[in-house]
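*Asks:* The structure follows.
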Amino acid sequence: SSRKDDENPWSSSDEEDDDDDDEVEVDDDDDDLFYSICSYSHHNPSTSPKFDTLALALEHDVSAYGFDFLSNLVSSTNEDGFFEGAIKLVNKCRQFAKDKEEDAMEAMKLGKELNEFLKSHRVNDEDDMAYYKPVLEDDAMLMCIDEIQELKRKNEKGTQDVSASLDKADELDVSKTDSETVKRLQSQIALLEEKLARAKTICIASLANDDESMSDDSCSDEEKPNKKKNSKKKSPDNDSYYFNSYSNTSIHETMLRDTIRTAAYENAILSNSESLFQGKIVLDIGCGTGVLSLFCAKAGAKKVIAVDNSDIIHQAKEIIKLNGYEHVVTCVRGKMETLIEENGLPLSNGETVDIIVSEWMGYALFFETMLPSVMAARDAIMTPVTGSMFPNVSKIFIEGASSKRLSYWDNVHSLNMAPMKERMVSELTADAWVEVVDDEDIVTNRVKVVEHDLNTCKDEELDFEAPFELRLRDGKSSDDAVEVHQLVVSFDIDFAVPKTTVVSFSTGCQSTPTHWKQTVLWFDPMHNCPLLRSDDIMRGTFRMKRNAKNHRSIDMAVIWETGRIGEDGSWVRSMDGVLRRSLIA
């Protein structure tokens, strides 16, 4: 089969809210409105009833047409199958309603025929691949697949969250003589230990009053944020979890021991002492132990404001005094947006900051999403024209990798344990993974999917959708097909202010590993894994978006296809599929 190059077979979202712009033209008036399946008029769209919520639109189909969309979906626990199935079901139903519109049949008859049609044309048929293409342009239903899944889950009265408790214990049975497997397990254990450290911090924080975390004897009067009286004990929200997690010493030790990260900041700041920092006012957001503030003070800044919203700020203040820079660096505890709103920063009327320094990056760049707070400070108090974020450029890349993890089960101490493969695949494909991927396992080129100018980008641009093309890298081409088991996400950071010494670092597989490692999205190697030969291309759309329920988590989705350019210049497709993975905070 073939598909023209200008066709976009996927227009969907992983969240409950609207899709912003995402480089797709939409009618702003209809961003949050839904059309039901059966009542939409393709000939006269303006006459179609609009519904404020997805649930109301689906209920209208049930009550007025006797058509229950949710009952025709696969089980909500079938994660990847549900996503693809829902997309195709929406488009199949809309195409049927469109084809029947000229018949002007009675409502209940239309619903009955649609039910019968779906029973005789199951969504997983081979010819259903055409239904990846939207029938209704900017269809809000396609932008809310997660919400559809939640409604389906409620209908099934299911209480189990299939992505919340993956059983990884069985992997500990892997032979310790397998160096590759041991290496990967050690990486996963380190990540789990980091998460456990954060969880312990939150358990302690949840037992304390909000006022208790703000020690009066640790800050001067001008440094204390405004505190509300009679604050009540409550469970941490997403922001509380995030800030309290940075009270744990091990997190700061991990970051400081990451010499690629810390040395890049040190080199970028000190090598640009004269061109950027001497005599300037610097704001360090998320200062942690104060290491970046101290670099800025050593570079000659006349004033450095070190901000952090965790109690590590007390140690930062002591460290700064111990190193003799307390006359330059002022420590302030609080959330950036609140400090700006309440004039809680030590800035005179009309005074602005010349440089904003921050190490805001998370896994896959945007995990934990600290950047919006840094951008809020940029827009509110950074000197216009001459001021700059530092670093000032970020880029996200993807590349394909192959793995030997499944083949391990073919011979475990001379025993065939192949049945373990299916179990492992179900775990690997449930969520995104954070691990170090060896450059030797990379089989495609590394391509940039998005770049942000941190001095000018807007908050809505942090959620993005971008096309990509991957080919087998040099030395990997073969007459035999190469399996692509993983899509590997990494990022590069540039300190590249004009007329300064440029410093950069990369978290790609070709560079020295950092504490960010790489973020891995597993394809399903047993059922639908991309295959590439010498002249093949894997192309598609990569999407990253903040999670609707927790903005510090990120959802990633990829629609992909493999194929090649035919002799007549047309695209000849070999395989295709959709994957969806998340990093949960």
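The values are calculated or read from the model by the stated rules, or taken from the named source; none is laboratory data. Quick caveat: nothing in here was measured; it's all calculated off a predicted structure. Every residue, glycine as well, gets a Cβ built from its backbone with ideal geometry; the counts of neighbours run over all protein chains shown. For accessibility, only protein heavy atoms count, side chains too; no ligands or nucleic acids. Shrake-Rupley method; radii C 1.70, N 1.55, O 1.52, S 1.80 Å.
*Asks:* Among the residues of segment 539-553, is any open to solvent by less than 10 Å² (accessible area, probe 1.4 Å) and of a type in the set (S, T, N, Q)?
*Replies:* Yes, the conditions are met somewhere in segment 539-553.
*Asks:* Only residues that are touching a helix residue (DSSP H, G or I) at 6+ places or on another chain (Cβ under 6 Å), assigned to a strand (DSSP E or B) and either free of Cβ contacts under 8 Å to residues at least 40 places away in the same chain or farther than 21 Å from H452 by Cα (or both): list them for segment 491-523, please.
*Replies:* Residue satisfying the conditions is W522 alone.
*Asks:* Within segment 509-536, which residues are under 17 Å from E440 (Cα atoms) and either loosely packed, with under 15 Cβ neighbours inside 10 Å or in contact with a Phe, Trp or Tyr (Cβ under 6 Å, 6 or more places away or on another chain) (or both)?
*Replies:* Those that are under 17 Å from E440 (Cα atoms) and either loosely packed, with under 15 Cβ neighbours inside 10 Å or in contact with a Phe, Trp or Tyr (Cβ under 6 Å, 6 or more places away or on another chain) (or both): Q510, S511, T512, T519, V520.
*Asks:* Can you name every residue in segment 258-268 that is open to solvent by less than 60 Å² (accessible area, probe 1.4 Å), free of Cβ contacts under 8 Å to residues at least 40 places away in the same chain and not small (G, A, S)?
*Replies:* The answer is T262, and nothing else.
Yes or no, residue by residue, for (1) surrounded by fewer than 21 Cβ atoms within 10 Å (Cβ to Cβ); (2) of a type in the set (K, R):
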site	(1), (2)
L270	yes, no
F277	no, no
S310	no, no
A316	no, no
T330	yes, no
R333	no, yes
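*Asks:* Give the number of residues within segment 283-323 that are more than 25 Å from T369 (Cα to Cα) and either under 27 Å from the mean Cα position of the chain (by Cα) or in a loop (DSSP other than H, G, I, E, B) (or both).
*Replies:* So the count comes out to 5.
*Asks:* Any residue in segment 56-64 that is charged (D, E, K, R), under 20 Å from K154 (Cα atoms), in a helix (DSSP H, G or I) and touching a helix residue (DSSP H, G or I) at 6+ places or on another chain (Cβ under 9 Å)?
*Replies:* For segment 56-64, residues charged (D, E, K, R), under 20 Å from K154 (Cα atoms), in a helix (DSSP H, G or I) and touching a helix residue (DSSP H, G or I) at 6+ places or on another chain (Cβ under 9 Å): present.
*Asks:* Say whether the condition of being touching a helix residue (DSSP H, G or I) at 6+ places or on another chain (Cβ under 8 Å) and surrounded by 21 or more Cβ atoms within 10 Å (Cβ to Cβ) is met by at least one residue in segment 475-485.
*Replies:* No: zero hits.
*Asks:* Could you list, in sequence order, all residues of segment 408-440 that are in a helix (DSSP H, G or I) and open to solvent by less than 20 Å² (accessible area, probe 1.4 Å)?
*Replies:* W409, M424, V425, E427, L428
*Asks:* Separate question: Which of the residues belonging to segment 442-459 are open to solvent by 20 Å² or more (accessible area, probe 1.4 Å) and either out of contact with any Leu (no Cβ under 7 Å at 6 or more places or on another chain) or part of a loop (DSSP other than H, G, I, E, B) (or both)?
*Replies:* Those that are open to solvent by 20 Å² or more (accessible area, probe 1.4 Å) and either out of contact with any Leu (no Cβ under 7 Å at 6 or more places or on another chain) or part of a loop (DSSP other than H, G, I, E, B) (or both): N445, R446, K448, V450, E451, D453, N455, T456, K458, D459.
*Asks:* Let me ask something additional. Inspect all residues belonging to segment 69-82 and state whether any of them is in contact (Cβ under 8 Å) with a residue 24 or more places away in the chain, open to solvent by less than 40 Å² (accessible area, probe 1.4 Å), outside any helix (DSSP H, G or I) and more than 25 Å from T429 (Cβ to Cβ).
*Replies:* Yes: one or more hits.
*Asks:* Would you be able to say whether some residue in segment 243-261 is touching a Leu at 6+ places or on another chain (Cβ under 8 Å) and at pLDDT 95 or above?
*Replies:* No; the residues of segment 243-261 include none that is touching a Leu at 6+ places or on another chain (Cβ under 8 Å) and at pLDDT 95 or above.
*Asks:* Based on this model, can you work out whether R564 counts as out of contact with any helix residue (DSSP H, G or I) (no Cβ under 9 Å at 6 or more places or on another chain), open to solvent by 10 Å² or more (accessible area, probe 1.4 Å), among the basic types (K, R) and farther than 17 Å from S402 by Cα?
*Replies:* Judged against the criteria, R564 is a match.
*Asks:* So for segment 41-49 (the condition being closer than 30 Å to L579 by Cβ and either at pLDDT below 90 or in a loop (DSSP other than H, G, I, E, B) (or both)), does at least one residue qualify?
*Replies:* no
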